[in-house]
1. Would you confirm, using the coordinates I've provided, whether Ala58 is more than 19 Å from Ala126 (Cβ to Cβ), touching a Cys at 6+ places or on another chain (Cβ under 7 Å) and buried (at least 16 other Cβ atoms within 10 Å of the Cβ)?
2. Quick check: anything in segment 57-70 over 18 Å from Ala107 (Cβ atoms), within 16 Å of ligand 1 (Cβ to nearest atom) and either touching a residue at least 40 places away in the same chain (Cβ under 8 Å) or aromatic (Phe, Trp, Tyr) (or both)?
3. Output the residues belonging to segment 1-42 that are among the hydrophobic types (A, V, I, L, M, F, W, C), closer than 30 Å to Glu83 by Cβ and touching a helix residue (DSSP H, G or I) at 6+ places or on another chain (Cβ under 9 Å).
4. What about Thr82, is it in a loop (DSSP other than H, G, I, E, B) and among the hydroxyl-bearing types (Ser, Thr, Tyr)?
5. Among the listed residues Gly40, Gly77, Gly6, Gly73, which satisfies the condition of being surrounded by 10 or more Cβ atoms within 10 Å (Cβ to Cβ) and away from ligand 1 (no atom under 16 Å from the Cβ)?
6. If Tyr27 meets every condition in (1) within 13 Å of ligand 1 (Cβ to nearest atom); (2) of a type in the set (Phe, Trp, Tyr); (3) surrounded by fewer than 16 Cβ atoms within 10 Å (Cβ to Cβ) apart from one, which number is that one?
7. For segment 85-109, give me the residue count where each residue is of a type in the set (D, E, K, R), within 13 Å of Phe44 (Cα to Cα) and assigned to a loop (DSSP other than H, G, I, E, B).
8. Going by the structure shown, is Gly77 more than 17 Å from the chain's Cα centre (by Cα) and part of a loop (DSSP other than H, G, I, E, B)?
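The numbers here are math on the coordinates, done by the rules we state, and not lab data. Since this is a predicted model, take the numbers as computed values, not measurements. A quick note on method: Cβ atoms are made from the backbone with ideal geometry, for glycine too, and the neighbour counts reach across all protein chains shown.
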Amino acid sequence: MSKGKGLVKGLRRTLQTFFAKPVTVEYPRVKPAVDPRYRGAFAFDPEKCIACELCARACPNRVIRLKWEKGEGSGAGKRRVTEYRMEPGLCLFCGLCAEACPTKALAMTPRYELATRRREEAGLVAFGRQER
Ligand code: SF4
Ligand code: SF4
């Protein structure tokens, strides 16, 4: 390739890139749109939880610990979750726990801003008695 042709080709490429739509956004001023199936923060609904422990068994990193008790009154004999905790820092965000949940009590949301000043406030679930 002659020097002239190479120069034109290089300039063309430069101009294409210069006028192309940017693939990045100015975060945090602009919040990027993520796919609805993005695996971000967890949502846990204790009312839907039947304490079956399938989520904890599906987790490869043993992130989930839960406690339950037998219900009374109209829900007599049924399990009722009293504590549900996910260990911050161990989660892979693989989603296996949410997939295993038969009642959709545990789900992953597209919320991706998980940085906090306190580990307990991270996007992982902490329901029930606070640990000391
Ligand atoms: S997303 Fe986290 S808590 Fe759920 S199975 Fe994977 S590692 Fe365990
Ligand atoms: S799999 Fe769902 S219903 Fe079962 S213990 Fe986990 S969150 Fe609760």
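1. Details: more than 19 Å from Ala126 (Cβ to Cβ): yes; touching a Cys at 6+ places or on another chain (Cβ under 7 Å): yes; buried (at least 16 other Cβ atoms within 10 Å of the Cβ): yes.
Taking the combined requirement at face value, the residue satisfies it.
2. Just the residues of segment 57-70 that are over 18 Å from Ala107 (Cβ atoms), to begin with: 60-62, 65, 67-70.
Within this subset, residues satisfying the condition of being within 16 Å of ligand 1 (Cβ to nearest atom) are 60-62, 65.
When the remaining residues are screened for being either touching a residue at least 40 places away in the same chain (Cβ under 8 Å) or aromatic (Phe, Trp, Tyr) (or both), the result is none.
No, segment 57-70 has no match at all.
3. Filtering segment 1-42 down to residues among the hydrophobic types (A, V, I, L, M, F, W, C) leaves 1, 7-8, 11, 15, 18-20, 23, 25, 30, 33-34, 41-42.
Still in the list and also closer than 30 Å to Glu83 by Cβ: 41-42.
Phe42 - this is the single residue of segment 1-42 that is among the hydrophobic types (A, V, I, L, M, F, W, C), closer than 30 Å to Glu83 by Cβ and touching a helix residue (DSSP H, G or I) at 6+ places or on another chain (Cβ under 9 Å).
4. Details: in a loop (DSSP other than H, G, I, E, B): no; among the hydroxyl-bearing types (Ser, Thr, Tyr): yes.
It is false that Thr82 is in a loop (DSSP other than H, G, I, E, B) and among the hydroxyl-bearing types (Ser, Thr, Tyr).
5. Details: Gly40 fails: away from ligand 1 (no atom under 16 Å from the Cβ); Gly77 fails: surrounded by 10 or more Cβ atoms within 10 Å (Cβ to Cβ); Gly73 fails: surrounded by 10 or more Cβ atoms within 10 Å (Cβ to Cβ).
It is Gly6.
6. Tyr27 satisfies every listed condition except (1).
7. Final tally of qualifying residues: 1.
8. On the way: more than 17 Å from the chain's Cα centre (by Cα): yes; part of a loop (DSSP other than H, G, I, E, B): yes.
In short, yes.
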